Amino acid sequence: MTDSLLGIALPDRLLWFVALLVAVFFVSSLSLVATVAALRIRNVRRSRRWQRLETRWEPVIIGVLVGERPEAELHALVERRDQRYFVDFLLRYSTRLKGGERETVVRLAQRYLPAIARQLERRSGERRARAVRTLGELDVETYTPQIVAALRDPSPLVAITAGRALAQQRSPKLVRSLVDSLESFELWDTRFLSSLLADLGPEAMPALRAVLEDQERPARTRALAANTLERLNDLNAADIAVAVLEAGAATSTIPSEQHVDLMVAALRLVRKVGRGEHVGTVRRMLAASNAAVRGCAVDALASVGGGDDVPLIRKAIDDESNWVVMHAVRGLKALGRVDFLQDLAASNHPRADAAREVLAGTAS
Amino acid sequence: MIEFGWAVVGVFNVLILIYFFSLNSVYLITTAISSRFLVRYVKRLRTVDVEQLIASGATPPITLIAPAYNEEASCVDSTRSLLTLQYPNYEVLVVNDGSPDRTLQLMLDAFDMIPAVRLPSATLETAKIRQVYRSKQYPNLWLLDKENGGKADAINAGLDYCRTPLFCVIDADSLLERDALIRVSRPFLEDARTVAVGGIIRIVNGSTVRHGVVERVRLPRNLLARFQVLEYLRAFLSGRVAWSELNAGLIISGAFGLFRRSVVVDAGGYATETVGEDMEIVVRIHRHCRENRIPYRIGFVPDPVAWTECPETIRGMSRQRDRWQRGLIETLMRHRRMLLNPRYGNVGLIAYPYFFFLEMLGPVIEVGGYFAFAMTLLAGRASLPYVVAFLALALLFGMALSAAAVALEELSFRGYPRNSDLARLIWLAVAENVGYRQMNSFWRMQGVISAARRVKYWGQAPRRGFRTGQASG
């Protein structure tokens, strides 16, 4: 027996199959609607419960912080099933507080942290990252081994969370673990990473210098070290940066993006901490094929060079890249060559606008 | 001869069935991928401290490029809202694309703008720049006044004057949530290969806007706008999340997207000869990066929100959908060598075929299908039980997918806090299958016809502007 749908001959049993599908989708649709309702009820209940708990805990924790109430009173209010939420509650306080008050919050959290540390065994990377963040914020000293181990976690999120937790400790003992793990963060933005590493403070400088010097390490990691040393104003890193530039200039192949990043980072470091004796290397960089490298070379020259270098910087005004031109006019302004810039601005020179913009003080 | 005609109708009907099952299967798969991602993403957000990110000084500088054409109703409000964003280092660059209305004058007056000099950083060809202005009140607010060249041309002009590594394109009539920039920039911090990221677009009609900030979220009162709320939830939470997981997203909405400037400039900037410049640039970035072996990621994150006003009239909607369909066709035809080409990975083998066969040709099959369906029914050549069963299946399939999108919203961001709004969304999931979807297909079919006739009309819906202190829409 056959029947037809829109003129297509179809066997009867297909009708049963379609009917079955209809039933399946009917049940699925109803289930989804029920899910939406259940989610809403759960969310509302959860939110009300949290609100209720916070209303109960808030006055007591304030009393504990100002020393008017004993800590035991607060612990007595925390039921077993609310412990994780209580830790979250303390976490929010700890990020807002400093000094003795923060220490009190950390002490309050301690008895609940072993349960949080067990979360590091969970399969979900997000849960492990959350646990690392909590432990890092609330008791990094006790849980340092676990957090250091998390630097090698297969989840990049866990590794970076651990890195951030350790960096904020500013402990010289942790520098080596963190610097040795830099390659675990290879996907992360270097600007973000250098800001994180700079939190380690001056104790990190020798290890970072070693990374910058080490030609065996990836160019990206070395660029990261240079950026961090720049943030830390490491005067002893200038010679290494110059050596990096010399080695880079000697490379005959077309520079890769990572290689350009390393050269740019080294030039920025020289601009910040370089000395007059480095000027020869910087001048050679003005002939680089990459505009970003030339632009940073102009910046560095304006910083470490002397009056003899003004003609070179002026010449950069005719560079084909407007980026280099902007670096050049800013450099000339920094060197006090305002008269020259005024003449340029008043002229019909194709780059007169750059001078006008810098003189108007609107260049960003 | 008549029998031959019926044979053609029969073949067409087979096509419709294949289309129906393919399209819904793709939706089902993308919804499944999205739900898995969103569950993880919500947990991931708990490890992120937005305040800490802002304080870290690690956030990359961003230029917000807001092209404006005849935006006198909303340009001042939306610019004011852009100036209050929670981000440490950003510039706002409004590009007045030769608006004949009072857009320029309103901007000059409202922000005390004076002529200024700014050297371009790139040399993308654009219509003539008349003057650059800078605000005396807000040093990070700039305005480019240029001759009319279209939206893509205005963005290119903004790109020429952009000096930051990232730029964000936002419609001049959209509102960004205060932390939207920090949230949308996060993928760039987490993965240095990221070249573009889109955020979610939500519909502002019906919600309360005060001083450029959406204060109270409500469903619109207008039925067409309500349907669009559901449609946007489905498109973003079920669709774009999944395509982004596959690194095969072909669209970042023109209303809100963050891009790496150097990559867009190297790819040649926005195409001015299409009305779908937002899709075209994303497809071109895929192509540019794949062809030049540049490691890259194009992502979508569901938490940064841009609010936008949607059309509330049939005329406004038909124009918008016509334009979207034309943009889709122009882009897909322009880059058709990517279709089923393994060189382009998931984009060429999965996303492109989906958009090409199901989204681009979809309206033709759907609208043709309605006619074939009606003819077959009228001629009595169809079995009633089958017809009823298939119609029920189509309705339930569509309803299940929409309900899943609402569930994803409730699971993740709970954008509509009122229970009545949630109930309405569920009701809309049923109601949209009868009428709205069919109208949508007709509007998209109009787009197919317009594309075939090479119509270039932008088809902008009139703007009402955000109503301060009361429900908009």
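A few comments on the model shown:
- Residue under evaluation residue A:122, criteria (1) under 19 Å from residue A:166 (Cα atoms); (2) within 11 Å of another protein chain (Cβ to nearest Cβ), criterion not met: (1)
- Taking the range B:335-348 as the range and being in a helix (DSSP H, G or I) and surrounded by 17 or more Cβ atoms within 10 Å (Cβ to Cβ) as the test, the residues that pass are B:338, B:344, B:347, B:348.
- Any pair with Cβ under 9 angstrom, 6 or more apart, that starts in the range B:102-121 at a residue that is within 14 Å of chain A (Cβ to nearest Cβ) and ends at one that is part of a helix (DSSP H, G or I) and of a type in the set (S, T, N, Q): B:119/A:322; B:120/A:322; B:121/A:322
- Number of positions in the range B:403-419 that are outside any loop (DSSP other than H, G, I, E, B) and more than 9 Å from chain A (Cβ to nearest Cβ): 3
- Pair list, Cβ < 6 Å and 6+ apart or interchain, from the range B:176-204 residues that are touching a residue at least 12 places away in the same chain (Cβ under 8 Å) and assigned to a loop (DSSP other than H, G, I, E, B) to residues that are surrounded by fewer than 24 Cβ atoms within 10 Å (Cβ to Cβ) and among the basic types (Lys, Arg): B:191/B:297; B:193/B:297
- Some residue of the range B:129-147 being among the β-branched types (Val, Ile, Thr), within 27 Å of residue B:327 (Cβ to Cβ) and either away from every other protein chain (no Cβ under 14 Å) or touching a His at 6+ places or on another chain (Cβ under 9 Å) (or both): no
- Scanning the range B:375-387 for residues that are in a helix (DSSP H, G or I) and within 10 Å of chain A (Cβ to nearest Cβ) gives B:375, B:376, B:377, B:384, B:385, B:386, B:387.
- One residue alone among A:253, A:362 is modelled with pLDDT under 95, surrounded by fewer than 21 Cβ atoms within 10 Å (Cβ to Cβ) and within 21 Å of residue B:119 (Cβ to Cβ), and that residue is A:362.
- For residue B:269, the conditions (1) free of Cβ contacts under 8 Å to residues at least 40 places away in the same chain; (2) touching a helix residue (DSSP H, G or I) at 6+ places or on another chain (Cβ under 7 Å); (3) at positive phi all hold with the exception of (1).
- One residue stands out among those in the range B:349-365 that are more than 16 Å from residue B:26 (Cα to Cα) and more than 14 Å from every other protein chain (Cβ to nearest Cβ): the one that is surrounded by the fewest Cβ atoms within 10 Å (Cβ to Cβ), which is B:364.
- Subset tally (residues that are free of Cβ contacts under 8 Å to residues at least 40 places away in the same chain and touching a helix residue (DSSP H, G or I) at 6+ places or on another chain (Cβ under 6 Å)) for the range A:189-211: 15
- Test: residue A:44 is at the interface with another protein chain (Cβ under 9 Å from one of its Cβ atoms) and over 46 Å from the mean Cα position of the chain (by Cα): no
- Set side by side, the residues B:23, B:85 differ, and just one is farther than 23 Å from residue B:249 by Cβ and surrounded by 17 or more Cβ atoms within 10 Å (Cβ to Cβ), which is B:85.
- Selected residue (only one of A:232, A:301, A:224 is buried (at least 24 other Cβ atoms within 10 Å of the Cβ), assigned by TED's automatic domain parsing to the domain that holds residue A:184 and touching a helix residue (DSSP H, G or I) at 6+ places or on another chain (Cβ under 8 Å)): A:224
- Screening A:239, A:261 for residues that are farther than 14 Å from residue A:206 by Cα, acidic (Asp, Glu) and assigned to a helix (DSSP H, G or I) leaves exactly one candidate, A:261.
- Only listed residue being under 29 Å from the mean Cα position of the chain (by Cα) and hydroxyl-bearing (Ser, Thr, Tyr), chosen from A:289, A:303: A:303
- Just one of the listed residues (A:17, A:26, A:89) is aromatic (Phe, Trp, Tyr), at negative phi and surrounded by 17 or more Cβ atoms within 10 Å (Cβ to Cβ), namely A:89.
Quick grid of which residues meet (1) assigned to a helix (DSSP H, G or I); (2) without any contact (Cβ under 8 Å) to a residue 24 or more places away in the chain; (3) farther than 30 Å from residue B:415 by Cβ:
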{"residue": "A:43", "(1), (2), (3)": "yes, yes, no"}
{"residue": "A:75", "(1), (2), (3)": "yes, no, yes"}
{"residue": "A:101", "(1), (2), (3)": "yes, no, yes"}
{"residue": "A:106", "(1), (2), (3)": "yes, no, yes"}
{"residue": "A:115", "(1), (2), (3)": "yes, no, yes"}
{"residue": "A:119", "(1), (2), (3)": "yes, yes, no"}
{"residue": "A:134", "(1), (2), (3)": "yes, no, no"}
{"residue": "A:146", "(1), (2), (3)": "yes, no, yes"}
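The values are calculated or read from the model by the stated rules, or taken from the named source; none is laboratory data. All of these numbers come straight from a predicted model, not from anything done at the bench. Positions of Cβ are backbone-derived with ideal geometry, glycine not excepted, and every protein chain shown enters the neighbour counts.
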